[in-house]
Amino acid sequence: MTVILTFLASIAMIAGWWLSRQGLMSKPWLESGAPLPQAELPSPPPHRLGTAVFLAVVGGLFAMLGSAFVMQIDETPWQLVPLPDLVWFNTALLLLSSLSLHVAGRSRGHSTHIWLALGSVTALGFMVGQVQIWTTLTDNGYGLSEAPAASFFYLITGLHGLHILGGLVALALVWFRLAQSDDPKTKQAPIGLCALYWHGLLVIWLLLLALLLGLGNEFLAMCRSVLT
Amino acid sequence: MADLPHDTDPQLPPAEVADVMPPHAHGWWSHYVFSQDAKYIAIQYAATAIAIGFVALVLSWMMRLQLGFPGLFDFITPDAYYQFITMHGMIMVVYLLTALFLGGFGNYLIPLMVGARDMVFPFVNMLSYWIYLAAVLVLVASFFAPGGPTGAGWTLYPPQAILSGTPGGQQAGIVLMLLSLILFIIGFTMGGLNYVVTVLQARTRGMTMMRLPLTVWGIFTATVMALLAFPALLVASIMMLFDRLLGTSFFMPSLVELGEHLSYGGGSPIAFQHLFWFFGHPEVYIVALPAFGIVSDLLSVHARKNIFGYRMMVWAIVGIGALSFIVWAHHMYVSGMHPYFGFFFATTTLIIAVPTAIKVYNWVLTLWKADIHLTLPMLFALGFIVTFVNGGLTGLFLGNVVVDVPLSDTMFVVAHFHMVMGVAPIMVILGAIYHWYPLATGRMLNQTMGHIHFWVTFIGAYAIFFPMHYVGLVGVPRRYYEIGDPSFMTAPVDGLNAFITVAALTVGAAQMVFLFNLVWSLRHGRAAGHNPWRATTLEWLTPVVPPEHGNWGAKLPLVYRWAYDYSLPGAPEDYVVQTDPGPKSPAAAERL
């Protein structure tokens, strides 16, 4: 359960930082009638915070999967699934998609459309590439129920793909809104949210990739040998 | 949606979020059925949770009939008994307690108590309820599926959960259960995002985190925990569904069933237990923390005294929330683990008793020399404290490995967790309904029926669960359809088992009185008027009771003080509402 505990420790640090700014040492029973300025700091808009909280939940989901993966590798003699080289190309596509959406969220006018289009196409490319990897692996004898390592690979990449798919639905809505609205303010905000979501999914994918390559277990084994 | 005017009080910090009226309903369907108003969603959540809770209550009757009078009822077969156990446990823990505390009380109270017009994402909030309802319907559907619901026990341990020896294991039962859980978690996540972001972003001006009522602190912390813990159950459910439907072996080792080698192999059943209890233990506190928060407010209002140690109460809520993530393996002592791990988890389990004990002391000290009004909410709150302490004490026994191992599979554990997370939170739910029913409906619940309900429930619960501890201590195992030859027990328990059954039937009947009271008082209850309990918190200060769409009329309330200014010396009344800018408390006046 090391993976999920590490993840929760990082969440706890963020929560601790936030709590430290909420005046937890104040004595509200003595402070009636007066505001507490230190506890009322400006905060991000609700939609942005909502997306960030959702990303934390998604992070927790994949951290749990990661924990299960690491635990099973340790318990049973396993052979990891040999990943085809296409996985690196897909990773580059997702990286490009994330960057494009980031730029789209900050650009104005016609270039917004171009960057948004690039982000959408590369995300679709990532999805197609992932399906291609599945086909290759199945053809190579690593079917879904062939071995636990293969099952984990399909489950992890499948759930990650589902989240990207959800993001693509959101992107479709952004395109729809772009076509409807002329107000630049209402246009930019949802693109920024998509970009934030994509950054989150990119980070999660990079960590999952490390896990699927067996780096997580090697790292834990190294930690254990240092401790013992 | 229109921007509303802001008040410009120089004493208060600027507003963080624009005051926007939430979307209005157009027509009957969007007003009452597909409502985006958190108050309606709360009532939908509560009604659904209570309805499915009654199903679970009837299931517990069936179990008790078998245990009290074995063999008397033909329709309670061994398979049916296991199905009753499973569905009773899962419904009570997830579909009743979690949904009612967070979806019901959370939706109703958070926006009102923090001074918001609604949840920040009303549409997502509405979706949350409908997905929850779908989860409940899928669960209920399993009663009518071929083979009936799953009988795997509420913990759904593999490999037995998906094998043919378990009721519903190779039929639709387990599949529907897992699908229902997945739906529940998706629905809850939608609601949970709302509760968290509303508390963080939509508080009215002057409502700092340290001026929030403890009810909001409890629900907020529990929601954060649930958002982090439910993914564990989600992952476990999806993986088991894969094992059951697609032939993977995440949790399935090599197995021989009826002399035949199954195609499974290489999986780890213990991994499921880790995932399940990584959700399962925080779940105890996901239910308990809202109860802690609500009971603090009930005690303070009905004892006309400020809550003792507010800061400490907040710290304890946060501390319990954090600690509850590192105690999960105390549910797995009998699965076998490295002794150092057992030591670690026993230690963390005992440490969590410290913030919990702080809360209990603070409740008792709140009552010390207070002007206690023995209203129904107060009676239930007192019932909670006593029950929680009783249940908590046996938790200290079970937290230790050497005591837990012999007691783990006995009725002692059943008695323990029913006291601490069954009866105790239900006491709070009932007290809270008696407390906030006047706000939601404008009518008081009938007192006579309420007193019958309280005393039968309280005394009855002890009549059920006190003897059950003893039954466990003499060696009666849990989850057994029939005890068989009783010679292994140190004392006979037939009479006690029959007594417990009669008590359980009586307590169940008392809940029918409560249900009748809820319906009867809607029309015939005494009119409540504004703020019948003379409380200080914002939910009682809406311009109209019951609160209307948008909660606050033209302007949001401004908050000048914490939520617990009761019996202030020199104040004209024994309570000062949160929106009252003066008089300052004597201590504050002295300090300034």
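Things worth noting here:
- Distance from the C-alpha centroid of region B:404-436 to that of region B:41-107: 14 Å, rounded to the whole angstrom.
- Shape category assigned to region A:21-171 from the gyration tensor of Cα positions, a/c cut at 1.5: oblate
- Listed from fewest to most Cβ neighbours within 10 Å, the set A:Met13, B:Met449, B:Met113 follows the order A:Met13, B:Met449, B:Met113.
- Diffusion coefficient (Stokes-Einstein, Kirkwood radius over C-alpha pairs, 20 °C, 1.002 mPa s) for the protein assembly as shown: 76 µm²/s, rounded to a whole number.
- Under Karplus coefficients 6.51, -1.76 and 1.60, residue-wise ³J(HN,Hα) of region B:531-548 in Hz, glycine/proline x: 6, x, 8, 6, 8, 9, 7, 4, 4, 8, 10, 5, x, 10, 10, x, x, 8
- In order along region A:154-165, the Karplus-derived 3J(HN,Hα) couplings, from 6.51 cos²θ - 1.76 cosθ + 1.60 at θ = phi - 60°, round to 5, 5, 5, 5, x, 5, 5, x, 4, 5, 5, 4 Hz, and Gly and Pro are given as x.
- Using C-alpha pairs below 8 Å separated by at least 6 residues, the relative contact order for chain B is 15 percent.
- Convex hull volume per residue for region B:456-592, taking Cα atoms only, in Å³: 232 Å³
- Centroid-to-centroid, using Cα positions, region B:198-262 and region B:316-389 are 21 Å apart.
- For region B:45-59, backbone nitrogen atoms closer than 13 Å to the point 7 Å from B:Leu133 Cα along Cα-to-C-beta are found at B:45-49.
- Pairwise FRET efficiency - A:Leu80 versus A:Met222, Cβ, R0 = 22 Å, nearest 0.05: 0.85
- In terms of other Cβ atoms within 10 Å, A:Glu218, B:Glu260, A:Glu31 run from fewest to most in the order B:Glu260, A:Glu218, A:Glu31.
- Residues in region B:41-61 that a label on B:Met512 would reach, taking backbone N under 20 Å of a point 7 Å out along Cα→Cβ: B:50-61
- Cross-link table A:Lys27/B:Lys305; A:Lys27/B:Lys555; B:Lys305/B:Lys359; B:Lys39/B:Lys359, entries beyond 25 Å C-alpha to C-alpha: A:Lys27/B:Lys555; B:Lys39/B:Lys359
- Each helix, a run of at least 4 DSSP H residues, gives -39500 (n - 2.57); summed and divided by the residues of chain A, these come to -27000 deg cm²/dmol at 222 nm.
- Amide H to amide H, with H built 1.01 Å from N, B:Asp574 comes under 5 Å of no residue 5 or more places away or on another chain.
- Residues whose amide H falls under 5 Å from that of B:Thr410, counting only those 5 or more places apart or on a different chain, are B:Arg478, with hydrogens built in the peptide plane.
- Projected label points at B:Arg304 and B:His24, each 7 Å from Cα along the beta carbon direction, are separated by 4.3 nanometres.
- Partner chain coverage, peptide B:411-418 - average Cβ within 10 angstrom: 0
- Per-residue Karplus couplings for region B:76-87, computed as 6.51 cos²θ - 1.76 cosθ + 1.60 with θ equal to phi - 60°, are listed in order as 8, 7, x, 4, 4, 4, 5, 5, 4, 4, 4, 5 Hz, Gly and Pro entered as x.
- Intensity falloff of region A:101-222 expressed as log10 I(q)/I(0), Debye formula with alpha-carbon point scatterers, at q = 0.14, 0.16, 0.17 Å⁻¹: -0.69, -0.82, -0.88
- Prolate/oblate/rounded label for chain B (Cα gyration tensor, a/c 1.5): prolate
- Relative pair counts by distance (%), Cα atoms of region B:29-251, 5 Å bins: 1, 7, 14, 17, 16, 14, 11, 9, 6, 3, 2, 0, 0
- Here A:Thr135 and B:Leu505 are evaluated by their C-beta separation; at R0 = 56 Å the FRET efficiency comes out at 0.40.
Where a number appears in this text, it was derived from the coordinates with a stated rule and is not lab data. In this text the structure is predicted, and so the values were computed from the model without any measurement. Note that we place each Cβ from the backbone using ideal geometry, even for glycine, and neighbour counts take in every protein chain shown.
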